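Engineer: Handing you a structure now.
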Amino acid sequence: MSIKVLGTGAYIPEKVVTNDDLAQLVDTSDEWIMQRVGVKERHVSVNETAADMAAKAAKNALEAANLSGADIDLIVAATISGETLSPTVAGMVQKAIGATCPAFDVNSACSGFLFALDTAVSYIERGTYKSVLVIGAERLSKLVDWTDRSTCVIFGDGAGAMVVTKGDGYLASRLYTSGGDEVIEIPSFGGSSPFYKTPLKHPYIFMDGQETFKFAVNKIAEDIKYVAEQAGITLDDIDYVVTHQANIRIMDFAAKRLKMPKEKFVINIHKYGNTSSASVAIAFDELARSGKLKRGDKIAMCAFGGGLSSAACLIEW
Ligand code: UT7
């Protein structure tokens, strides 16, 4: 299939919130969060929007790709936490980088970046666009209930970006949705209409942690096996796994289920927490910049979350 990665980038806001900081807000501890989730600290945006962070990650990716905004033919941004529905995060990035191309957002919660990447692949394969900027950017801190210890300790803010063009490095992919609001619900603004009588079930992010956990482990294992099979390779042929950074124990279980060495998994959850759609993009950028990747390496990426949704793809470097 038809893309190669020209450059990646990321942006993490400056403010660090440690587990000890959170223990001042809710009844929790560094020990519990490290043991049950694996987050040591997360970064929280004080005054940067998801679009601001997306633009910084995008500039970083453009620099790595040696391109300017004017070279980009399409921008697809995955987000659930833009400050406005319109302009979109992608539209704001277009302005910030001096591009003039079409730009739109996609929403598939934490799986969003891989849905956006797959969308970009389709346009490139169809021959409509040559160079596409794909972004995952989130300011989830504005959607979190900071009095709810079961969610506020998990999430963080940040953005990741990737510039892709025609190539032969997208070996297989899979998108999955099972619609419903029972397990995860992420509210949007209710408005102030006098005729609006449907109360929000959950004014902040709601998540049934254990159900999500089981779904995540099952989907990582199932989706990675699927893309490997589609690409005609074995799990041993996969050099790196970049999963959504939601819980270190999810990655542990998934590695065991797949019988893959944990060393192949890129892990940065301890630094950033769960940054939703930005998570895979940030982790991929770290891998790309680590100097470890060799031409021909195979990288499985997978994500899961609200929707419920999951997505996976296999990239050859
Ligand atoms: O990005 C979208 C995808 N999201 C995910 O993949 C998240 C998947 N789920 C998880 O990561 C985990 O389920 C959580 C981290 C959300 C929760 O961990 P858990 O091990 O499943 O905990 P639990 O909900 O079963 O709660 C166990 C105990 C409870 O206390 P009791 O009832 O046993 O007395 C909770 O009240 O831990 C308590 N608890 C906490 N204690 C200290 C829950 N949150 C905290 C906390 N600090 N922050």
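The values are calculated or read from the model by the stated rules, or taken from the named source; none is laboratory data. Since the model is a prediction, treat every value here as computed from it, not as a measurement. Methodologically, a virtual Cβ is constructed for each residue, glycine included, from the backbone with ideal geometry; neighbour enumeration extends over all protein chains shown. For the accessible areas, the whole protein counts, side chains as well, though only heavy atoms, and no ligand, DNA or RNA atoms are used. Shrake-Rupley method; radii C 1.70, N 1.55, O 1.52, S 1.80 Å.
Engineer: Return one whole number: the accessible area per residue of region 2-168 in Å², for a 1.4 Å probe.
Structural biologist: Here the residues of region 2-168 average 41 Å² of exposed surface.
Engineer: Still on this structure: Under a 5 Å amide H to amide H cut-off, with H placed in plane at 1.01 Å, what residues pair with residue 48 once short-range neighbours are removed?
Structural biologist: none
Engineer: Once the piece of chain linking residue 126 and residue 18 is laid out straight, how much longer is it, given 0.36 nm per residue of separation minus the C-alpha distance between them?
Structural biologist: Values: separation 108, 0.36 × 108 = 38.88 nm, distance 4.58 nm.
Taking residue 126 through residue 18 to full extension adds about 34.3 nm, to one decimal.
Engineer: What does DSSP give for the chain in terms of the percent of beta bridges that are antiparallel, rounded to the nearest 5? Intermediate results must be reported in sequence, preceding the final value.
Structural biologist: Working: 35 of 50 bridges.
Around 70 percent antiparallel, to the nearest 5.
Engineer: Skipping prolines and chain starts, which residues have an amide H placed within reach, meaning under 5 Å, of the one on residue 265, given they are 5 or more residues away or on another chain?
Structural biologist: 241
Engineer: Considering only Cα-Cα distances, which of the following residue pairs are longer than 18 Å: 4/294; 225/256; 166/292; 264/294; 4/166?
Structural biologist: 166/292
Engineer: Counting other Cβ atoms within 10 Å, keep those with at most 16, restrict to DSSP loop, and tell me which trypsin sites (Lys or Arg not before Pro) in region 81-182 are left.
Structural biologist: Values: sites: 95, 126, 130, 139, 142, 149, 166, 174; in loops: 130, 139.
Sparse-neighbourhood loop trypsin sites (Lys or Arg not before Pro): 130.
Engineer: Could you give the dipole magnitude of region 142-267 about its Cα centre, charging the beta-carbon of Lys and Arg +1 and that of Asp and Glu -1, in debye to the nearest 20?
Structural biologist: Charge dipole, region 142-267, about its Cα centre: 100 debye, nearest 20.
Engineer: I would also like to ask the following. Per-residue counts of other Cβ atoms within 10 Å, averaged by peptide: what ranking do you get for 245-254, 259-268, highest first?
Structural biologist: Numbers: 245-254: 21.9, 259-268: 15.2.
Top to bottom by mean Cβ count within 10 Å: 245-254, 259-268.
Engineer: What whole number of Å gives the distance from the Cα centroid of region 161-232 to the Cα centroid of region 252-293?
Structural biologist: What the calculation gives is 18 Å, centre to centre.
Engineer: Students often check this: by mean Cβ neighbours within 10 Å, which of 63-69, 52-58 ranks highest, and how do the rest follow?
Structural biologist: With the highest mean Cβ count within 10 Å placed first, the list reads 52-58, 63-69.
Engineer: For region 69-129, list log₁₀ I(q)/I(0) at each q in 0.13, 0.18, 0.22 Å⁻¹, using the Debye formula over Cα point scatterers of equal strength and ignoring solvent, two decimals each.
Structural biologist: Listed by q, the Debye log ratios stand at -0.32, -0.61, -0.88.
Engineer: Hey, rough spin-label estimate for residue 83 and residue 177, points 7 angstrom out along Cα→Cβ, what's it come to in nanometres?
Structural biologist: Between residue 83 and residue 177, the label points sit 2.8 nm apart.
Engineer: Sticking with this structure for a sec: Could you derive backbone 3J(HN,Hα) for region 234-249 from the dihedral phi with the Karplus parameters 6.51, -1.76 and 1.60 (θ = phi - 60°), listing whole Hz in sequence and x where the residue is Gly or Pro?
Structural biologist: 9, 5, 5, 6, 7, 8, 9, 10, 10, 9, 4, 8, 9, 6, 4, 6
Engineer: Return the distance in nm (one decimal) between the two label points of a simple spin-label model at residue 218 and residue 237, each offset 7 Å from Cα along Cα→Cβ.
Structural biologist: For residue 218 paired with residue 237, the spin-label model returns 2.8 nm.
Engineer: Can you tell me which aspartates and glutamates have their Cα less than 15 Å from the Cα of residue 142? Leave out same-chain residues fewer than eight positions away.
Structural biologist: Correct list for residue 142: 48, 52, 83, 157, 185.
Engineer: Using a 10 Å cut-off on Cβ atoms, rank the peptides 300-312, 280-292 from the highest mean neighbour count down.
Structural biologist: Result, highest mean first: 300-312, 280-292.
Engineer: With a ≥ b ≥ c the root eigenvalues of the C-alpha gyration tensor of region 2-168, is it rounded (a/c under 1.5), prolate (a/b larger than b/c) or oblate?
Structural biologist: Because a/c hits 1.5 or more and a/b exceeds b/c, region 2-168 counts as prolate.
Engineer: Can I ask one more? Which value, in debye to the nearest 20, describes the size of the charge dipole of region 2-168 about its Cα centre when Lys and Arg Cβ atoms bear +1, Asp and Glu Cβ atoms bear -1, and nothing else is charged?
Structural biologist: 520 debye
Engineer: Please list, by residue number, everything in region 91-107 whose backbone N is under 13 Å from a paramagnetic label point 7 Å out along Cα→Cβ of residue 70.
Structural biologist: 98-101
Engineer: Would you mind computing the Rg to Rh ratio of the chain from its alpha-carbon coordinates, Kirkwood style for Rh?
Structural biologist: Values: Rg = 18.5 Å, Rh = 19.4 Å.
Rounded to two decimals, Rg over Rh is 0.95.
Engineer: Which percent of the accessible heavy-atom area of region 172-316 goes to carbon and sulfur, probe 1.4 angstrom?
Structural biologist: Using a 1.4 Å probe with all protein chains present, region 172-316 comes out at 51 percent carbon and sulfur.
Engineer: Further question: Using a probe radius of 1.4 Å on heavy atoms only, what accessible surface per residue do you get for region 215-317? Whole Å² is fine.
Structural biologist: Accessible surface, normalised per residue, equals 36 Å².
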